[in-house]
Amino acid sequence: MGLTGKCLCGAISYTVTGEPTHLSACHCSMCRRWSGGVFLGMGAAPDAVTFKGEENLTIFTSSDWAERGFCKTCGANMFYRVTAPGQHQGVYHLGSGTLDDHGDLQLTEQLFIDIKPKGYGFADKTNDMTQAQVEAMFSDVS
């Protein structure tokens, strides 16, 4: 059956088949501005995600290596997707707040940990990556 989710108004919905790859927290300045705080995203392979209502989806190219999708009706942030060539190309990071049920998802990693605001933190041990480490993953982007 898979995991399901939708935007605030329900104009866009999705199904994820198979197991999600991970749940991560991104602390970069773009994600903080985009989400109003830390962005929690569930990773999913490109071929594991099916959308309904795609005509309501707006895509914003936010960097040399990624784009962000949101609902043009209610403005809900749906996903961050890697566009850079390489092993991560096409991977979705679906906003965890859009999920209908989180099931047993556990936070496994934090990105841009070195620029995380000091005013909050997560208790669980995660794989923490600095800005330099995240950028190195996409170093072949021109």
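The values are calculated or read from the model by the stated rules, or taken from the named source; none is laboratory data. As the structure is a prediction and not an experimental result, all values here were calculated from the model. Here the Cβ is made from the backbone with ideal geometry for all residues, glycine too, and neighbour counts use every protein chain on show.
If you go through segment 1-44, how many residues are of a type outside the set (A, V, I, L, M, F, W, C) and under 11 Å from the mean Cα position of the chain (by Cα)?
5
Report yes if some residue within segment 111-124 is at negative phi, of a type outside the set (Lys, Arg) and in a strand (DSSP E or B); otherwise report no.
Taking every residue of segment 111-124 in turn, at least one turns out to be at negative phi, of a type outside the set (Lys, Arg) and in a strand (DSSP E or B).
Any residue that is touching a helix residue (DSSP H, G or I) at 6+ places or on another chain (Cβ under 8 Å), within 17 Å of LEU111 (Cα to Cα) and of a type in the set (Ser, Thr, Tyr) - is there at least one of those in segment 30-44?
Within segment 30-44, none of the residues are touching a helix residue (DSSP H, G or I) at 6+ places or on another chain (Cβ under 8 Å), within 17 Å of LEU111 (Cα to Cα) and of a type in the set (Ser, Thr, Tyr).
Take segment 113-124 and flag every residue that is out of contact with any helix residue (DSSP H, G or I) (no Cβ under 8 Å at 6 or more places or on another chain), at pLDDT 95 or above and among the charged types (D, E, K, R).
Scanning segment 113-124 gives a single hit, LYS116.
Can you name every residue in segment 52-64 that is in contact (Cβ under 8 Å) with a residue 24 or more places away in the chain, under 25 Å from HIS22 (Cβ atoms) and either not small (Gly, Ala, Ser) or not in a loop (DSSP other than H, G, I, E, B) (or both)?
If the condition is that a residue be in contact (Cβ under 8 Å) with a residue 24 or more places away in the chain, under 25 Å from HIS22 (Cβ atoms) and either not small (Gly, Ala, Ser) or not in a loop (DSSP other than H, G, I, E, B) (or both), then LYS52, GLU54, LEU57, ASP64 are the ones that fit.
Show the residue pairs that are 6+ apart or on different chains and have beta-carbon atoms under 6 Å apart, the first residue being within segment 65-89 and under 16 Å from ASP47 (Cβ atoms), the second being loosely packed, with under 14 Cβ neighbours inside 10 Å.
Hits for this filter: VAL82/GLN89.
Name the one entry in GLN133, GLN110, GLN87 that is modelled with pLDDT of 90 or more and surrounded by fewer than 18 Cβ atoms within 10 Å (Cβ to Cβ).
GLN133
Please go through segment 65-100 and give me each residue that is touching a strand residue (DSSP E or B) at 6+ places or on another chain (Cβ under 7 Å) and assigned to a loop (DSSP other than H, G, I, E, B), ordered by number.
TRP65, LYS72, ALA76, THR83, HIS88, GLN89, GLY90, VAL91, ASP100
Looking at segment 11-46, which of its residues are exposed (fewer than 14 other Cβ atoms within 10 Å of the Cβ), touching a residue at least 40 places away in the same chain (Cβ under 8 Å) and more than 30 Å from PRO117 (Cα to Cα)?
Selection gives PRO46 alone.
Would it be correct to say that THR108 is touching a residue at least 60 places away in the same chain (Cβ under 8 Å), outside any loop (DSSP other than H, G, I, E, B) and more than 14 Å from the chain's Cα centre (by Cα)?
no
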